[in-house]
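Asks: Structure in structure tokens, see below.
The values are calculated or read from the model by the stated rules, or taken from the named source; none is laboratory data. Nothing here was measured: the structure is a model prediction, and the numbers come from that model. No Cβ is skipped: glycine too gets one built from the backbone with ideal geometry, and neighbour counts run over all protein chains shown. These accessible areas exclude ligands, DNA and RNA; they are computed on the full protein's heavy atoms, side chains included. Shrake-Rupley method; radii C 1.70, N 1.55, O 1.52, S 1.80 Å.
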Amino acid sequence: MHKYIFKRVLMMIPVLLGVSLIIFTLLYITPGDPARQILGPDASPEAVEALREELGLNDSFGVRYANFVIGALHGDLGISYTTRLPVATEIFSRFPTTFVYALLCTIVSMIIGIPLGIISATKQYSIFDNAATTFALLGVSMPTFWLGLMLILLFSVRLDWLPASGFYGPQYWILPAMTIGMNSSAYIMRMTRSSMLEVIRQDYIRTARAKGQTEYKIVVKHALKNALIPIITVVGINFGRSLGGAIVTEQIFAIPGLGKMMVEAISARNYPVVQGGVLFIAVATSVVNLLVDILYAYIDPRLSSQYQSGKKKKALQASEVTGGTAK
Amino acid sequence: MKKLRRLLALVLTVAMILSITACGNGKEAETNTASTGSSSNADASAPAKDTLVVVTRSEATNLDPHNNTSLSSFMVERAIYDRLVDKDENGFIVPCAATEWEIVDDTTIRFHLRDDIYFHNGEKLTAEDVKYSIARAEKEAGSRTFFKFFDGANTEVIDDTTIDIKVYEPFAPVFNYLSSARGSIVCASAMESMGSDAYGRNPIGSGPLKFTEWVAGDHIELARNDDYWGDKVAYKDLIFRVIGEDASRAIELESGGADISLYIAQQDISSLESNPETEVISVPSYATVSVAFNSVKFDYLQDVRVRKALAMALDREGIVEAVYHGSATVADSVYSSVIPYHTSNEIVSYDPEAAKALLEEAGFDFSQPIKLVTMGSASAVAISEIVQNMWESIGLSVETSILDWAVFSQTMADPGLPVIILDSNASSGDPDHGFYNWTWTEAGVHNDPLITELLEKGKQTYKDDDRAKIYAELQEVCIDYYGLVPIAFTDSTFGIRSNVKGFIPDSGNVLDLTKIHFE
């Protein structure tokens, strides 16, 4: 297992190098001069040239990329052009907000999505199944900016129960989390439903029923546990995606997260913030993916046996043949 | 072993959740004032409100008054810093840090300062700080365009409360520029020891409110300066929040989370007006929207008849009506009607047939594509589409493109942009500032010696009557030159809660928030 994790961490290196090279190249070929942007359109060409020199924008592509990579390896992502603060400071001042937000959205989507999926799978073609499937269709189809505004109008303006925007405490978290939660819960619900339907038809479920197991235990212990892998994959992907910031909802609810920071940085040609931000998001996504993979092993013993080192694996296989550890 | 590991995982998960909640609680405590702000609104009998929440469209870039060009920064700076002079709500220059002043000669103005002004760090404000600020404003990137006429090096400190400010040549806008945010007085010793970047994030002024906190991307918080020499503000805290989305900015006001919202969009006005708890206040702004021709760099725009014909082909009333639905008036001069010495001018009327004839007379090549460029604002894009249609209807070929500011400013410098939709806000309200587009080399609006001469004369003339005459003539000359076609004078639209009193709308969108109190 440790070896597997170590291997996965090593594999992150080429991924991050690739991501940084792509974002660096994209910014390099994007029109717009940061120096002119900072100084304004009526600055003299000499002043612009001097600032370009100071910011190192006149160096060749290779030199600039190398400087960026060497800096990043030392934990130095550069200085933001607009605020003059270190990029790492900027990112970490926004990250807690984004992290809390991503976590909330994931929790909400799981709380709604998984039970709905289970019920509609166990009661397939019932009224409830139809209702839940319709809900899923609605959740996927409703654009988040529209849903967000509608929720604000209802809960903040009409009912005056919840604050409309900002991110200062639990009461502020509810509406944004519901907006994204509704959307991604629909995916989770559909995944849970189809995965459960597949498992429910398996022989061992029938066996469990035959031996008189309670329905609750059959669903939760026998069926759900075996249907979890694809569900966790979807949840993991959603969480990883949310860590990059939810641009639209952050805009509507005025949440000072990474997404908002990135959008502003891109339009200001604030290269260091864009590069640092993308790199950070890449790291975060890779780590989440790794965690999800490790989680698979906990849920599914068959997978964990594959992670074992060669020697152990052989021993295990041998014992499986003899039926030693078969459950 | 397995159990142990599971237990460890559980413990770690709980620890993580706890730390996150702790994080959240800390945040909540910090910004408690913001949430009490909204809840006390819901309950009319709550104790007197003492936090003013103002919502703007974009975040301040920094609060170093000489190193930014952001209107959001200006508004915060207006509360934190003192200036030598201020402008009252009618546009008259009134004392601030200076009690009185006299014009010694054409290039020297003597200011007498108050003796009881202290910076928020406890240091006394002296004439040395004023000299330092002027000299700095002359050099730094954000203020240089306006303060390059000040002679910081020769500005002379007579004693602690007397200073002779020098300008290189007679310069009439001097009081307007000194009263703008760029004229803020910074603490010389603090600026020297902190450096510009740190000072810009933790500004030290001497104004009625002092800086307390800046949460990046979210809000800036100021607190009342209880030792202020002048009228103290009626509330305790002032919070500037940033909400980029138009609809959310209006809703935040309706729900009571904000007391004042800037840049209320057209589509949100009716719902705010129909709500008894909110009001909409509109005033003509300093901004002018125009279609500008770069006749300096582009040969096909050099003939004045071509520019006039292009202007004649535009139904300006129709454009203003369609794009602004009543939140702007049809422009009758090159700068807004609320800027001094504005005169109403006859601008060529809509006549597509005559426009076509005039183009033919000028020998214009109708196959020459006209490149029309805008920046991303919704109204500018709408205007450019209408302009394109109107010009194409008389047989011209028009190519439009939308550029973001970064590309726009770069392309404008090199290789240049032929026709652009300009939305320019002369935030200081000075007529010289109003002619900014005509002095903007990259825009290439004119290369007419008469215009250049009148611009210089206007700048150098102190006497009101003479200045009025010069600017009246200049407006006429500029209109006839067709360097640009003014289209609309837009309004500044603010939304406020009904319990907000003492609100003074500002044509430049840089509000003075120090007079506000709650009912």
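Asks: Net charge around B:F298, counting only other residues with Cβ within less than 14 Å of its Cβ (Lys, Arg = +1; Asp, Glu = -1)? Please list the in-between numbers first.
Replies: Working: positive: B:K297, B:R307, B:K371; negative: B:D299, B:D303, B:D365, B:E399, B:D414, B:E442.
For residues surrounding B:F298, the net value is -3.
Asks: Cα centroids of the stretch A:118-156 and the stretch B:325-400: how far apart, whole angstrom?
Replies: Rounded to whole Å, the Cα centres lie 49 Å apart.
Asks: If you take every DSSP beta bridge whose two residues both sit in the protein assembly as shown, what share of them, in percent to the nearest 5, is antiparallel?
Replies: On the way: 57 of 74 bridges.
Expressed as a percentage, antiparallel bridges in the protein assembly as shown total about 75.
Asks: Report the local net charge at B:F503: Lys and Arg +1, Asp and Glu -1, summed over other residues whose C-beta lies under 14 Å from its C-beta.
Replies: Working: positive: B:R497, B:K501, B:K515; negative: B:E89, B:D259, B:E279, B:D506, B:D512, B:E519.
Counting the neighbours of B:F503, the net charge comes to -3.
Asks: Probe radius 1.4 Å, ligands and nucleic acids left out: which of B:Y118, B:Y324 has the largest accessible area, and how do the rest follow? Write down the numbers at each step before the final one.
Replies: Working: B:Y118 110, B:Y324 20 Å².
Solvent-accessible surface, decreasing: B:Y118, B:Y324.
Asks: Roughly what angle does helix A:170-200 make with the longest principal axis of chain A, taking Cα atoms, 0 to 90 degrees, to the nearest 10?
Replies: Helix A:170-200 sits roughly 40 degrees off the main axis of chain A.
Asks: Further, regarding this structure: Per residue, how much accessible surface does the protein assembly as shown expose to a 1.4 Å probe? Answer in Å², no decimals. Walk me through the numbers before you get to the answer.
Replies: Numbers: 37270 Å² over 846 residues.
In whole numbers, the protein assembly as shown has 44 Å² accessible per residue.
Asks: For the full complex of protein chains and a 1.4 angstrom probe, list A:W161, A:W146, B:W405 by accessible area with the highest value first. The partial results should precede the final answer.
Replies: On the way: A:W161 170, A:W146 115, B:W405 85 Å².
The ranking, largest first, comes out as A:W161, A:W146, B:W405.
Asks: Give me the percent of Cα-Cα pairs in the stretch B:443-509 that sit more than 19 Å apart, rounded to a whole number.
Replies: On the way: 1229 of 2211 pairs.
Result: 56 percent of Cα pairs exceed 19 Å.
Asks: Filter the GluC sites (Glu not before Pro) in the stretch B:265-352 to those in DSSP coil with at most 12 other Cβ atoms within 10 Å of their Cβ, and list the result.
Replies: Numbers: sites: B:E273, B:E277, B:E279, B:E317, B:E321, B:E346; in loops: B:E277, B:E346.
Within the stretch B:265-352, the qualifying GluC sites (Glu not before Pro) (loop, at most 12 other Cβ atoms within 10 Å) are B:E346.
Asks: Specify the angular offset, from 0 to 90 degrees and rounded to the nearest 10, of the alpha carbon long axis of helix A:61-73 from the longest principal axis of the alpha carbons in chain A.
Replies: The answer is roughly 60 degrees.
Asks: Interface A/B, total buried accessible area with a 1.4 Å probe, nearest 100 Å²?
Replies: Numbers: alone 18360 and 22680 Å², together 37270 Å².
Summing both sides, the interface buries roughly 3800 Å².
Asks: Also: Give the angle, between 0 and 90 degrees and rounded to the nearest 10, that separates the Cα long axis of helix B:449-460 from the longest principal axis of the Cα atoms of chain B.
Replies: Approximately 40 degrees, to the nearest ten.
Asks: Oh, and also: Which whole-number percent is the relative contact order of the stretch A:1-146 (Cα, under 8 Å, 6+ apart)?
Replies: On the way: 46 pairs, mean separation 13.2, N = 146.
Computed value for the stretch A:1-146: 9 percent relative contact order.
Asks: Excluding A:D203 itself, what net charge comes from residues whose Cβ is under 13 Å from its Cβ, given Lys and Arg +1 and Asp and Glu -1?
Replies: +3
Asks: Hey, rough spin-label estimate for A:A210 and B:S367, points 7 angstrom out along Cα→Cβ, what's it come to in nanometres?
Replies: So the two model labels end up 8.6 nm from each other.
Asks: Checking the a/c ratio against 1.5 first, then a/b against b/c, what shape does the Cα gyration tensor give for chain B? List each step's numbers first, then the result.
Replies: Values: a/c = 1.91, a/b = 1.30, b/c = 1.47.
Taking the square roots of the gyration eigenvalues as a ≥ b ≥ c, chain B is oblate.
Asks: Next up: How large is the accessible surface of A:M182 in square angstrom, using a 1.4 angstrom probe and rounding to the nearest 10?
Replies: 50 Å²
Asks: Let me ask something else about it. Of the accessible area of the stretch B:198-283, with the probe set at 1.4 angstrom, what percent is carbon plus sulfur? Walk me through the intermediate numbers first.
Replies: Details: 1240 of 2830 Å².
C and S fraction of accessible area: 44 percent.
Asks: Which residues of the stretch B:409-442 show a drop of at least 20 Å² in accessible area when all protein chains are present, compared with their chain alone (probe radius 1.4 Å, heavy atoms only, ligands and nucleic acids excluded)?
Replies: B:S409, B:Q410, B:A413, B:Y436, B:W440, B:E442
Asks: Right, something else. Once Rh for the protein assembly as shown is found with the Kirkwood sum over Cα pairs, what is the Stokes-Einstein diffusion coefficient at 37 °C and 0.692 mPa s, in µm²/s? If you can, show how the numbers build up before the last one.
Replies: Details: Rh = 30.6 Å.
Result for D is 107 µm²/s.
Asks: A further question follows. Tell me whether chain A comes out rounded, prolate or oblate; compute the Cα gyration tensor, take square roots of the eigenvalues as a ≥ b ≥ c, and use a/c under 1.5 as the rounded threshold.
Replies: On the way: a/c = 3.38, a/b = 1.51, b/c = 2.24.
Judged from the Cα gyration tensor, chain A comes out oblate (a/c at least 1.5, b/c at or above a/b).
Asks: Please list the non-local residues whose amide H lies under 5 Å from the amide H of B:K124, H modeled 1.01 Å from N, same-chain partners needing a gap of 5 or more.
Replies: Counting only residues 5 or more places away or on other chains, the set is B:F119.
Asks: If you don't mind, there's one more thing I want to ask. At 1.4 Å probe size, what's the solvent-accessible area of B:Y462? Round to the nearest 10 Å².
Replies: Rounded to the nearest 10, that gives 60 Å².
Asks: Calculated FRET efficiency, B:Y350 and B:T69, Cβ-Cβ r, R0 41 Å, to nearest 0.05?
Replies: Details: r = 35 Å, r/R0 = 0.86.
It comes out at approximately 0.70.
Asks: Dipole of the stretch A:171-237 (Lys/Arg Cβ +1, Asp/Glu Cβ -1, origin at the Cα centre): which of A:I205, A:S185, A:I174 lies farthest to the positive side?
Replies: Going by the Cα projections, it comes out as A:I205.
Asks: Here's something else I'd like to know. In peptide A:263-276, what is the residue-averaged number of other protein chain Cβ atoms found within 10 Å of each Cβ? Show your work: numbers first, answer last.
Replies: Working: counts 1, 5, 0, 2, 4, 4, 6, 1, 0, 0, 0, 0, 0, 0.
Per residue, the number of nearby Cβ atoms from other chains is 2 on average.
Asks: Give me the percent of accessible area attributable to carbon and sulfur for the stretch A:1-51, probe 1.4 angstrom.
Replies: Values: 2300 of 2990 Å².
Accessible surface attributable to carbon and sulfur in the stretch A:1-51 totals 77 percent.
Asks: Follow-up. Arrange the residues B:Y263, B:Y235 by how much accessible surface each exposes, largest first, with a 1.4 angstrom probe.
Replies: Details: B:Y263 40, B:Y235 0 Å².
Greatest to least solvent exposure: B:Y263, B:Y235.
Asks: Using only Cα atoms, locate the centre of the stretch B:426-455 and the centre of the stretch B:232-266, then give the distance between them in Å, rounded to an integer.
Replies: 34 Å
Asks: Here's a follow-up. Normalising by the residue count of the stretch B:296-397, find the relative contact order in percent from Cα pairs under 8 Å and 6+ residues apart.
Replies: Values: 95 pairs, mean separation 35.6, N = 102.
Once normalised by length, the contact order is 35 percent.
Asks: Please label the shape of the stretch B:194-263 as rounded, prolate or oblate, based on the square roots a ≥ b ≥ c of the eigenvalues of the alpha-carbon gyration tensor (a/c under 1.5 means rounded; beyond that, a/b larger than b/c means prolate, else oblate). Write down the numbers at each step before the final one.
Replies: Details: a/c = 3.13, a/b = 1.43, b/c = 2.19.
Here the stretch B:194-263 falls in the oblate category.
Asks: Considering only protein heavy atoms and a 1.4 Å probe, what is the carbon-and-sulfur percentage of the accessible area of the stretch B:351-397?
Replies: Details: 1080 of 2150 Å².
C and S fraction of accessible area: 50 percent.
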